[in-house]
Amino acid sequence: MVIEQSLEKLHRRINYLRLSVTDRCNLRCMYCMPEEGIPFLPHGDILTYEEMLRLVKISTRCGIRKVRLTGGEPLARKGFIHFLERLSDINVLDEITLTTNAVLLKEYAADIMDCGICRINISLDSLNPERFFQITGRDQFDRVWDGIQEAERMGFNPIKINVVAIKGVNDDEILDFARLTREKPYHVRFIELMPVGKENIWSVDKFISTEEIFKRIQTLGALKPIVSSPLDGPADRFVLDGGKGEIGFIGALSQHFCDSCNRLRLTAEGQLRSCLFSDQEIDMKTPLREGREDDYLVNLIGYAIENKPEEHGLIKSGPRKCIRQMSTIGG
Ligand code: SAM
Ligand code: SF4
């Protein structure tokens, strides 16, 4: 079966590919990549940019129209900007976006914008340099903040700031992040801590639901809902009274949004995943390197779409930890 058009399953149009370009990172976030115990992939096992470009082009035949580049830290991979230039030449894509920790953003913001990318997601879990160090294992808060300011100056819009809320670690900063949306036009999005990776800090004690975060923020003022379009992704969006920006809530665990999930994920080593929380993967790298034809690869992507789980089942089964590290999947 050759799939020449978008496939729909369970009314979900799968049109969004998250592509992890590297498993390496210049930070060591406690919930993603612990300092010890994570073996990195040998360089030869990571897809080359050429291979990624071929897979993205092929995936557009299966309906993919949006690509998010992630990692590891995408800006830390050598030659990333040149890859971005070539990716942005794929005209059939409607949107290319980037998720970054912003350590290298100040240097690359102008190049990224020159590639036509003006929407960006930045991960930042603390506004306090010492706390930032405690969470990420690196003393890089100032560089990250400078990167965010540079992105604002360059006109990136929106600038989304993703905050993973962890009880007892940074939940005392929830209100500070909410207040930031009154000072700046940023879209701050609170994300629930997820049980991903063999080495994972997830526990009930550290988990804080988006419902609880919402209630705490309400103490600052009213949260006015924003009507989202289907392309906006899984966040429930609000404006805090007096806000220039927005506040979003992504309850990946507590409020699963599987019935509207439009994503596929390609890991840095070329494994295609149709659900973040399922360890079922399709090996794209081997057939790619065996020189298989495009139609063969199209069928594999079609198979992943057809077999996308209906739901992650974590609410019923309770949190179980999927084996692959988040840094190789890309979030
Ligand atoms: N290095 C880039 C960054 O941090 O933005 C891109 C890759 S990172 C794996 C992508 C996203 O996954 C980040 O927003 C990060 O906070 C999130 N993430 C990683 N591990 C997580 C976990 N266990 N629970 C919730 N979010 C997680
Ligand atoms: Fe690196 Fe992003 Fe993982 Fe933090 S969340 S360790 S920045 S890949």
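Using the structure shown, list the pairs from K285/K308; K106/K167; K78/K285; K66/K215 with a Cα-Cα distance above 28 Å, or answer none.
Where the Cα-Cα span goes over 28 Å, the pairs concerned are K106/K167; K66/K215.
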Q. When only the heavy atoms of the protein chains count and the probe is 1.4 Å, how do E212, E51, E183 rank by accessible area, highest first?
A. E183, E212, E51
Q) Put +1 on the Cβ of every Lys and Arg and -1 on every Asp and Glu Cβ in the chain; which of P158, F80, G137 then has its Cα farthest towards the positive end of the dipole? A) P158
Q | Charged-residue dipole, Cβ positions (Lys, Arg, Asp, Glu), the chain about Cα centre, Debye nearest 20 | A | 400 debye
(Q) Restricting to DSSP loop positions (anything but H, G, I, E, B) with no more than 15 other Cβ atoms inside 10 Å of their own Cβ, which trypsin sites (Lys or Arg not before Pro) remain in segment 61-132? (A) K78, R119
Q) What Rg and what Dmax come out for the chain when only alpha-carbon atoms are used, in angstroms? A) 19.1, 59
Q: Keeping all protein chains in place, calculate the accessible area per residue for the chain (probe 1.4 angstrom), answer in Å².
A: 44 Å²
(Q) Considering only C-alpha atoms, what is the centroid distance from segment 69-131 to segment 42-56, in Å? (A) 18 Å
Q) Over the C-alpha atoms of segment 154-241, what are the Rg and the largest Cα-to-Cα span, Dmax, in Å? A) 14.0, 41
Q: For T219, T70, give the ranking by accessible area with the largest first, probe 1.4 Å.
A: T219, T70
Q: Can you check what the net charge comes to around D241, using other residues whose Cβ is under 13 Å from the Cβ of D241 (Lys, Arg +1; Asp, Glu -1)?
A: +3
Q. Sequence-distant or interchain residues sharing an amide H contact under 5 Å with T97, placed H: which?
A. V67, R68, L69
Q) Which of T181, L19, L41 sits closest to the plus end of the dipole of segment 2-329, meaning its Cα is farthest towards the positive end, when Lys and Arg get +1 and Asp and Glu get -1 on the C-beta? A) T181
Q. For the chain, what % of the accessible area comes from carbon and sulfur atoms, probe 1.4 Å?
A. 50 percent
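Determine the relative contact order of segment 2-329: mean sequence separation of Cα pairs under 8 Å and six or more apart, normalised by residue count, in whole percent.
22 percent
The values are calculated or read from the model by the stated rules, or taken from the named source; none is laboratory data. Only a predicted model underlies this, so the values are computations on that prediction, with no experimental measurement involved. Here the Cβ is made from the backbone with ideal geometry for all residues, glycine too, and neighbour counts use every protein chain on show. With ligands, DNA and RNA removed, areas are computed over all heavy atoms of the protein, side chains included. Shrake-Rupley method; radii C 1.70, N 1.55, O 1.52, S 1.80 Å.
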